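Below: the structure, in C-alpha cells.
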Amino acid sequence: MSRKFILIIIILAVFLSIILFRTKETNESKNVYVKESFLMDTLVTIKIYDAEKKPGQKAVKTALEEIKKIDRISNNFDPDSEISKINKKPEKYNIKVSKDLFRMLSLSKKYSSITNNSFDVTVASLVSLWGFEDKKQVPAQSELKEALNHTGSEYLTLNQKNQTISFLKKNMS
C-alpha cells in the first residue's frame, strides 16, 4: 500500500474517533427523562434529553398533558370524548365545538385537500364496520360501498365565526 493511502486511513480513523467520542460525551452530559402512559389506545413514551433536571421534567409533563388533551377531545373509542359525543348526535348541523377540535378539523380538511381526499377525518362509518372496538371482522364489499357513501371531508363544513361544524351528508361522523 502506498504511504498516501495509509495516511488517509489514519486521518479517517482519527476523525471517526473524535466524532464518536464527542457523541458519547454529548449524550452522557444530558439527563434522560422518560414517562409512559396509555393514551389514544396505545402506549405513549415521551423521552427527553436535557442537561438540567427541571426543564427536562417539565417538558415531559407538558408533552404528556398535551397528548391527554388531544385524547380527551378526539378519541373515537372513548364515549366521553368530544368527538364521540358529536358522533352520537342525531342532528349534525351547526354543532358548537371546542377551539381545539375546531383547529384539528380545520387542519384535517386542509390535509384532506392536499392529499386529494386520501386523508379523510370522516371515516367513522368505515371504522365501525371493521369492528376495531369489539367484533373485529372483514366487512363485505356491499357494506364498504354503503359506508363510503357517508364519508368525505368535503361534506364537513366549518363555520369559523360561530365555531360550529356541520355534516352535509346523512349519517356522517
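The values are calculated or read from the model by the stated rules, or taken from the named source; none is laboratory data. Keep in mind that what you see is a predicted model, and the values were worked out from it rather than measured. FYI the Cβ positions are ideal-geometry reconstructions off the backbone, even for glycines, and counts take in every protein chain you see.
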Write out, first by first residue and then by second, each pair whose Cβ atoms fall under 6 Å of each other, whose residues are 6+ apart or on separate chains, and whose first residue, in the range 113-138, is on the phi < 0 side of the Ramachandran plot while the second is aromatic (F, W, Y) and modelled with pLDDT of 85 or more. F119/Y111
S81 under 23 Å from T42 (Cβ atoms), touching a His at 6+ places or on another chain (Cβ under 6 Å) and not assigned by TED's automatic domain parsing to the domain that holds T45: no
Subset of the range 41-85 that is part of a loop (DSSP other than H, G, I, E, B) and free of Cβ contacts under 8 Å to residues at least 24 places away in the same chain - its residue that is surrounded by the most Cβ atoms within 10 Å (Cβ to Cβ): S81
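When the residues of the range 105-137 are narrowed to those that are in a loop (DSSP other than H, G, I, E, B) and of a type in the set (S, T, Y), which ends up surrounded by the most Cβ atoms within 10 Å (Cβ to Cβ)? Even if it seems obvious, please write down each step before you answer.
Restricting attention to the range 105-137, the residues satisfying the condition of being in a loop (DSSP other than H, G, I, E, B) are 115-123, 131-137.
From the residues that got through so far, the ones that are of a type in the set (S, T, Y) too are 115, 118, 122.
Numbers: T115: 11, S118: 8, T122: 22.
That would be T122.
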Taking the criterion of being surrounded by 11 or more Cβ atoms within 10 Å (Cβ to Cβ), of a type in the set (S, T, N, Q) and free of Cβ contacts under 8 Å to residues at least 24 places away in the same chain, would at least one residue in the range 86-104 satisfy it? no
From the list K136, K85, pick out the single residue that is farther than 18 Å from F167 by Cβ, of a type in the set (D, E, K, R), at pLDDT below 95 and out of contact with any Ser or Thr (no Cβ under 9 Å at 6 or more places or on another chain). K136
Can you name the number of the only condition in (1) without any contact (Cβ under 8 Å) to a residue 12 or more places away in the chain; (2) within 24 Å of the chain's Cα centre (by Cα); (3) not in a loop (DSSP other than H, G, I, E, B) that S142 fails? (2)
I'm trying to understand the selection: among the residues of the range 150-164, which are exposed (fewer than 13 other Cβ atoms within 10 Å of the Cβ) and free of Cβ contacts under 8 Å to residues at least 24 places away in the same chain? K161
